[in-house]
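J.: Here it is: the structure, laid out below.
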Amino acid sequence: MRRRQLILGLGGASGALAFTLGLGWWQSRGRAQPPAALLPLPIGEMGFALTNHRGEPVRPADWIGRPTMAFFGFTWCPDVCPTTLSDISGWLGELGPDADRLNTVFITVDPERDTQQVLADYLANFDPRITGLTGSLAEVERAVAGFRARFEKVPRDGDYTMDHTAGVFLFRADGRFASIIDYHEDRRFALPKIRRVLT
Amino acid sequence: MKSLILSALLTLSAAPVLACETVTLGDLNIEHAWSRATIGADRPGVFYVEITNNGSTDDALIGIATPAAGMPMLHETVVTDGVASMPHAMSIPVPAGESVELAPGGYHGMLMGLTATLAEGDSFPVTLSFQKSGEVVVNVEVLSLRAEGPDCDDAN
Ligand SMILES: [Cu+2]
């Protein structure tokens, strides 16, 4: 992926941070742990009530028992979100049937525009194993807080855009946080990280 | 090897891929102009391209215009502490002897106010304005929403 290598420099600093959060944490298990405040909560300790793009209610407890791959975005986003969804579709494709056990969720940070139907239309373009989640702004905020992620509505040229955490979060089947795949991280690191939560 | 690839290209050129065309403007080579399909015309479209400066003078991309959008502009996706944002890019440097890519996750043309839905297989013109070299029109190929770039035989 020539494109990714070229832009590695751009995301260097944040890449290093996420890399530390992700891989570094695994390597240092049993030794010093990073400050807990930086890490997403275990899924079992999260609290939110959202609705998926098929109209079914979703609570964090529903995710326990399957490894989870989750990320934030919004469907009005032309660059980061289609790229991440395309990457994830590619990873799921490469993992094949193994990825059927994975709970893969796209949580919108723009519930104002991303209704259940909008998410359904959008996700039809990507791997069908990706589930879209939307809900009230308050519930989206609760989900984002549980992941220790961030988002912000930014007015722009008479419209608005959303700044948001771009990494892909991985959790083990028991709900423990495992690692983050950073947006600008070399694609080669992604599959091993996903396989680690699948075992 | 070059001629082999060239002849392969010529034989395959029955179905030309627009995004693989190269446009030349002075010392600048402009290629791989592509966009992603949109759902409706309310969402912004995106524009990606690769510019190579074969000259000895630095240049810069300072603006884009297209009949496909009322408000096209240059943006840069920046990830700071894991949070992605898209500030305006006033100009994108194209230094002498270097290539610059408008590509997923970095610089991109943001097509606000689309005049119509961008459907896969469509194409539309974009006028690129450079500080030194002036203006040139490229044809932009609309790929799928899932695309990460055109598949050109010359890409490496
Ligand atoms: Cu943009």
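The values are calculated or read from the model by the stated rules, or taken from the named source; none is laboratory data. Model, not experiment: these values are computed from the prediction. These accessible areas exclude ligands, DNA and RNA; they are computed on the full protein's heavy atoms, side chains included. Shrake-Rupley method; radii C 1.70, N 1.55, O 1.52, S 1.80 Å.
J.: Hey, can you list the residues from the stretch B:17-37 whose accessible area shrinks by 40 Å² or more with all protein chains present, relative to the chain by itself (probe 1.4 Å, no ligands or nucleic acids)?
T.: Residues of the stretch B:17-37 that lose at least 40 Å² of accessible area once the other chains are added: B:Arg36.
J.: For the stretch A:43-198, what relative contact order do you get, as a whole percent, if you take Cα pairs closer than 8 Å and at least 6 residues apart?
T.: Relative contact order for the stretch A:43-198 comes out at 31 percent.
J.: Can you give me the relative contact order of chain B as a percent, contacts being Cα pairs under 8 Å and 6 or more apart?
T.: 30 percent
J.: Can you tell me which of B:His32, B:His108, B:His88 moves the most in a GNM of chain B? Springs connect C-alpha atoms under 10 Å apart.
T.: Among B:His32, B:His108, B:His88, the largest GNM mean-square fluctuation belongs to B:His88.
J.: In square angstrom, what is the accessible area per residue of the stretch B:2-143 with a 1.4 angstrom probe?
T.: Spelled out: the 1.4 Å probe surface of the stretch B:2-143, per residue, equals 43 Å².
J.: Give me a comma-separated list of calculated 3J(HN,Hα) values for the stretch B:117-122, in order, Karplus coefficients 6.51, -1.76, 1.60 applied at θ = phi - 60°, integers in Hz, x for any Gly or Pro.
T.: Karplus values, whole Hz, x for Gly and Pro: 4, 8, 9, 3, x, 5.
J.: At a probe of 1.4 Å, how much accessible area disappears from chains B and A on forming the pair, both sides counted, to the nearest 100 Å²?
T.: Result for this pair: about 3300 Å² buried.
J.: If you don't mind, there's one more thing I want to ask. What part of the accessible area of chain B, given as a whole %, is carbon or sulfur when the probe is 1.4 angstrom?
T.: Exposed carbon and sulfur together represent 55 percent of the surface.
J.: Anything losing 30 Å² or more of accessible area from the isolated chain to the full protein assembly: pick those residues out of the stretch B:83-98, probe 1.4 Å, ligands and DNA/RNA ignored.
T.: B:Val83, B:Ala84, B:Met86, B:His88
J.: I've got another one for you. In square angstrom, what is the accessible area per residue of the stretch A:43-198 with a 1.4 angstrom probe?
T.: On a per-residue basis, the stretch A:43-198 sits at 36 Å².
J.: Also, quick follow-up: Quote the relative contact order of the stretch A:122-199 in percent (integer), defining contacts as alpha-carbon pairs under 8 Å separated by 6+ residues.
T.: Value for the stretch A:122-199: 16 percent.
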